[in-house]
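Q: Dropping a structure here in structure tokens format, bear with me for questions.
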Amino acid sequence: MKIKAYTLFTDSHKKFLTDYFLPTFPFRKEIELTVLHRPQHCKTALFETDGWKDTMRDKTTCFYEKLQECKDGEVFMFIDPDIQFFGDFYDDIISRIQHIDVLWQNDVIGGVNTGFFAVKNNKRTRSFFKTLLGNLESKDFSQEQVLANYLLQNASLYPSIAIDWAFLPESYWTYGWVAASADPRTGACRGGWKPDSLDFDIPKNIIIHHANWTGGIDNKLALLNIVKEKYARL
């Protein structure tokens with residue numbers, strides 16, 4: 001079975017694509033990767049600043065339009081460019097998605113993460129992503145990930161778009177696993193990554209690292225490098 005994988009980048013995120021994503025991507029004949037370039041709507045490239053939602057609209061349009069281009073039963077994946085790979089995900093994704101509709105990266109306290117997911121093309125998933133795109137302009141939702149979590153958590157209210165889904169395991173890693181843990185000094189959640197937050201572990205079986213849970217391009221790059229260094233020492 002072929003996976004049709006897509007990533008979408010703007011100029012601010014080109015370095016992620018060229019220096020981390022593409023050099024580590026597990027290229028194989030069963031994975032068809034398409035790279036999409038879109039305008040830099042968000043000039044600061046900072047989370048939820050002016051133009052952020054326009055970029056999220058570009059992403060969500062990709063979700064819906066490219067899913068429809070898949071054959072029935074074929075697997076579509078969306079992968080953010082600020083991701084580096086430490087293993088081949090193909091066999092694991094195909095095995096896990098056999099009897100469900102969507103696999104989402106676990107953002108832990110952030111719910112499902114729409115920066116890395118796999119979805120089987122069928123009537124239910126097309127309806128779900130059409131609804132996601134159609135309701136993105138609502139002022140109640142700051143971004144598509146918030147809206148996706150709302151729809152999934154309230155599936156009983158929207159049976160026509162109810163999908164069978166599951167979280168991917170911790171090996172599809174994000175700093176969210178650390179952010180949700182207690183700081184031994186204060187007992188509070190550690191929260192997002194900062195340059196002085198070096199005391200954390202990564203899974204020995206890590207497959208990907210998604211550099212979210214930190215703010216700004218420089219912090220994302222630093223976090224990617226730290227995780228790569230930690231992997232080299234495993």
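The values are calculated or read from the model by the stated rules, or taken from the named source; none is laboratory data. A quick note: this is a predicted structure, and the numbers were derived from the prediction, not measured. Glycine gets a Cβ as well: all are built from the backbone with ideal geometry, and neighbour counts include every protein chain shown. All accessible areas refer to the heavy atoms of the entire protein, side chains included, with ligands and DNA or RNA removed. Shrake-Rupley method; radii C 1.70, N 1.55, O 1.52, S 1.80 Å.
Q: Taking the stretch 186-199 on its own, how many of its residues are exposed (fewer than 11 other Cβ atoms within 10 Å of the Cβ) and of a type in the set (S, T, N, Q)?
A: 1
Q: Now for a separate question. Considering only the stretch 115-139, how many residues are open to solvent by less than 40 Å² (accessible area, probe 1.4 Å) and without any contact (Cβ under 8 Å) to a residue 24 or more places away in the chain?
A: The number of residues fulfilling the criteria is 1.
Q: Oh, and also: What number of residues within the stretch 204-219 are within 15 Å of residue 178 (Cβ to Cβ) and assigned to a helix (DSSP H, G or I)?
A: 1
Q: Restricting the stretch 1-40 to residues that are of a type in the set (Lys, Arg) and under 21 Å from residue 76 (Cα atoms), which is farthest from the chain's Cα centre (by Cα)?
A: Only one residue tops the list, namely 29.
Q: Follow-up question, since we're still on this one. Report yes if some residue within the stretch 219-233 is surrounded by 14 or more Cβ atoms within 10 Å (Cβ to Cβ), touching a strand residue (DSSP E or B) at 6+ places or on another chain (Cβ under 6 Å), under 30 Å from residue 122 (Cβ atoms) and touching a residue at least 60 places away in the same chain (Cβ under 8 Å); otherwise report no.
A: no
Q: Here are some residues: 65, 48, 74. Which one is at pLDDT 95 or above and out of contact with any strand residue (DSSP E or B) (no Cβ under 7 Å at 6 or more places or on another chain)?
A: Being at pLDDT 95 or above and out of contact with any strand residue (DSSP E or B) (no Cβ under 7 Å at 6 or more places or on another chain) holds for just one of 65, 48, 74, which is 65.
Q: Take residue 176 and decide whether it is crowded, with 20+ Cβ neighbours inside 10 Å, of a type in the set (Gly, Ala, Ser) and within 27 Å of residue 22 (Cβ to Cβ).
A: Here the answer is yes, as residue 176 does meet what is asked.
Q: Residue 183 - would you say it is more than 18 Å from the chain's Cα centre (by Cα), among the acidic types (Asp, Glu), open to solvent by less than 30 Å² (accessible area, probe 1.4 Å) and within 26 Å of residue 228 (Cβ to Cβ)?
A: yes
Q: I'd like the residue in the stretch 92-113 that is in a helix (DSSP H, G or I) and not small (Gly, Ala, Ser) and, out of all such residues, is surrounded by the most Cβ atoms within 10 Å (Cβ to Cβ).
A: Of everything passing the filter in the stretch 92-113, 93 is surrounded by the most Cβ atoms within 10 Å (Cβ to Cβ).
Q: Quick check on my filter: what residues within the stretch 91-122 are hydroxyl-bearing (Ser, Thr, Tyr) and under 16 Å from the mean Cα position of the chain (by Cα)?
A: Passing the criteria: only 114.
Q: To continue, here is another question. Enumerate the pairs (first residue in the stretch 71-96 and under 14 Å from residue 25 (Cβ atoms); second residue anywhere and outside any helix (DSSP H, G or I) and open to solvent by 30 Å² or more (accessible area, probe 1.4 Å)) with beta-carbon separation below 6 Å, excluding pairs fewer than 6 apart on the same chain, so at least 6 apart or on different chains.
A: Close Cβ pairs satisfying both conditions: 90/30.
Q: If a residue must be of a type outside the set (A, V, I, L, M) and crowded, with 19+ Cβ neighbours inside 10 Å, how many such residues does the stretch 140-164 contain?
A: Result for the stretch 140-164: 3.
Q: Here is a list of conditions, (1) open to solvent by 40 Å² or more (accessible area, probe 1.4 Å); (2) farther than 19 Å from residue 93 by Cα, and residue 167 meets all of them except one; can you say which number that is?
A: For residue 167, the failing item is (2).
Q: Looking at the stretch 68-81, is at least one residue in a helix (DSSP H, G or I), exposed (fewer than 15 other Cβ atoms within 10 Å of the Cβ) and more than 16 Å from the chain's Cα centre (by Cα)?
A: Looking through the stretch 68-81, at least one residue is in a helix (DSSP H, G or I), exposed (fewer than 15 other Cβ atoms within 10 Å of the Cβ) and more than 16 Å from the chain's Cα centre (by Cα).
Q: Here is a list: 202, 208. Which entry is over 22 Å from residue 14 (Cα atoms) and open to solvent by less than 30 Å² (accessible area, probe 1.4 Å)?
A: Step by step, each of 202, 208 is checked, and only 202 is over 22 Å from residue 14 (Cα atoms) and open to solvent by less than 30 Å² (accessible area, probe 1.4 Å).
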